[in-house]
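Read the structure below first, then the notes.
The values are calculated or read from the model by the stated rules, or taken from the named source; none is laboratory data. Just so it is clear, the model here is predicted, and its values are computed rather than measured. Please note: Cβ atoms are built from the backbone with ideal geometry, for glycine as well, and neighbour counts cover all protein chains shown. The protein model used for the area step is the full one, side chains on, heavy atoms only, and it has no ligands, DNA or RNA in it. Shrake-Rupley method; radii C 1.70, N 1.55, O 1.52, S 1.80 Å.
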Amino acid sequence: MAGLNDMNKQEKIKAIEEMIQIVLLRIPKEIEAMHFYIKAAEKSTTDEAKNLFIALAQQEKGHEAELRRILNDLKQQLMELKNG
Amino acid sequence: MKREDVKEFNGENGKPAYIIFKGKVYDVTESRLWKNGKHMGRHKAGGDMTDFISMAPHDEKVLDKVKYVCDIEEDIPKEDPKEKWRNLYRRYHPHPIFIHFPMGVLYFGVFMLFLFLIFKISEFERTAYYALLFGGTSVFPAVITGLMSWYINYDRTLTEIFKNKIIYSSFLILLVINAVVARVLSGNQEEGNLWFYIYAISYLLAIPVMTFVAYNGGRITWPD
Ligand code: HEM
């Protein structure tokens, strides 16, 4: 796969826009998964299951936070490319 | 300290570097891993790290090694105002509900129109027209709820898929309106009447356009 450095500006913009879409579409999925695990934790009948689901929910929260961070970085990069 | 104040301590230009974790402020200025306020090329000092801990290769015990500064004073709990809407949307998912009306009814209507063109039985033509009125009207709640989801769940980020959906939905609405107007102007749906052909062609064209909008919806729900 060609890295961003080998591309001209138009190609870079296109690659970043594509990445933005990929990351963007994933965020609601992570939120959904987190809610699912929170509900599962609430319904758990053993502490073991409850702790597992809470840990999974926290991981999904981490994914969401990380995706949002990447999304903001990408939007920033795109703005700089378009203005620069 | 308030969240706003912590932002100032970003570790840049010799400023101290503070981070927030679970409502507490920590000083990481002295840490080698937070040089100039940057951590692993990802995180910046001044921010809240709570949500990121599950992605870190370490657990929260690392915070015992840095200096605790104070607790955060929250004016209002840090909740995204969109959170409430997101929860409501997730519970009722109105867009996937409303899209079934245009999707079902317009396909049915065009099928009726085909039957009319083949068998020339006017009941089929009438049915097609009523389906157009109902199915065409039901495009509006589909579009409105789609825009709602775009706003609530995707912060109105305009990507290729959303451009497709918005442009082709507008096109769909124009086709539907055009078809209704042409049908009204055609008077007694006689064949050979120019308005009737405009009606039939607009109606037929609405199908691939709607299908393309829906296909792009599927790309959101089932991304590859
Ligand atoms: C400006 C107009 C529109 C926007 C912004 C939009 C946006 C969206 C969004 C965000 C989704 C993901 C699911 C969700 O969040 O609920 C979606 C899914 C979908 N949309 Fe739209 N939409 C629009 C118009 C339409 C129209 C007019 C139709 C069909 C008549 C349609 C058909 C679909 C389908 C079939 C899905 C997949 C449904 C599923 O998840 O089961 N959309 N759309």
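Of note:
- Criterion applied to B:Leu204, B:Leu147, B:Leu174 was being more than 10 Å from the ligand (Cβ to nearest atom), surrounded by fewer than 17 Cβ atoms within 10 Å (Cβ to Cβ) and either assigned to a loop (DSSP other than H, G, I, E, B) or without any contact (Cβ under 8 Å) to a residue 24 or more places away in the chain (or both), and the one residue passing it is B:Leu174.
- For the residues B:Asp71, B:Asp48, the requirement of being within 28 Å of B:Tyr154 (Cβ to Cβ) and in contact with a strand residue (DSSP E or B) (Cβ under 6 Å, 6 or more places away or on another chain) singles out B:Asp48.
- Meets criteria (modelled with pLDDT of 95 or more, within 11 Å of the ligand (Cβ to nearest atom) and within 12 Å of another protein chain (Cβ to nearest Cβ)) for B:Phe98: no
- Region A:11-53, subset part of a helix (DSSP H, G or I) and β-branched (Val, Ile, Thr), residue most open to solvent (accessible area, probe 1.4 Å): A:Ile22
- Within region B:31-72, the residues that satisfy the criterion of being part of a loop (DSSP other than H, G, I, E, B) and either outside the structural domain of B:Gly14 (by TED's automatic domain parsing) or surrounded by 11 or more Cβ atoms within 10 Å (Cβ to Cβ) (or both) are B:Ser31, B:Arg42, B:Ala45, B:Gly46, B:Gly47, B:Met49, B:Ala56, B:Val66, B:Ile72.
- Failed item in (1) within 16 Å of the ligand (Cβ to nearest atom); (2) in contact (Cβ under 8 Å) with a residue 60 or more places away in the chain; (3) open to solvent by less than 80 Å² (accessible area, probe 1.4 Å), with B:Val105 passing the rest: (2)
- Cβ separations smaller than 7 Å between residues 6+ apart or across chains give the following pairs from region A:26-44 residues that are over 19 Å from B:Lys84 (Cβ atoms) and more than 11 Å from chain B (Cβ to nearest Cβ) to residues that are surrounded by 17 or more Cβ atoms within 10 Å (Cβ to Cβ) and of a type in the set (Asp, Glu): A:Ala33/A:Glu60; A:Tyr37/A:Glu60.
- Members of region A:45-62 found to be within 8 Å of chain B (Cβ to nearest Cβ) and within 22 Å of B:Arg91 (Cβ to Cβ), listed by number: A:Lys61
- The lone criterion from (1) more than 16 Å from the ligand (Cβ to nearest atom); (2) under 30 Å from B:Val181 (Cα atoms) left unmet by B:Glu79 is number (2).
- Condition met for B:Ile166 (within 16 Å of the ligand (Cβ to nearest atom), touching a helix residue (DSSP H, G or I) at 6+ places or on another chain (Cβ under 9 Å) and more than 14 Å from chain A (Cβ to nearest Cβ)): yes
- Residue check, B:Asn87 within 14 Å of chain A (Cβ to nearest Cβ), farther than 30 Å from B:Ala200 by Cα and either within 16 Å of the ligand (Cβ to nearest atom) or of a type outside the set (Lys, Arg) (or both): yes
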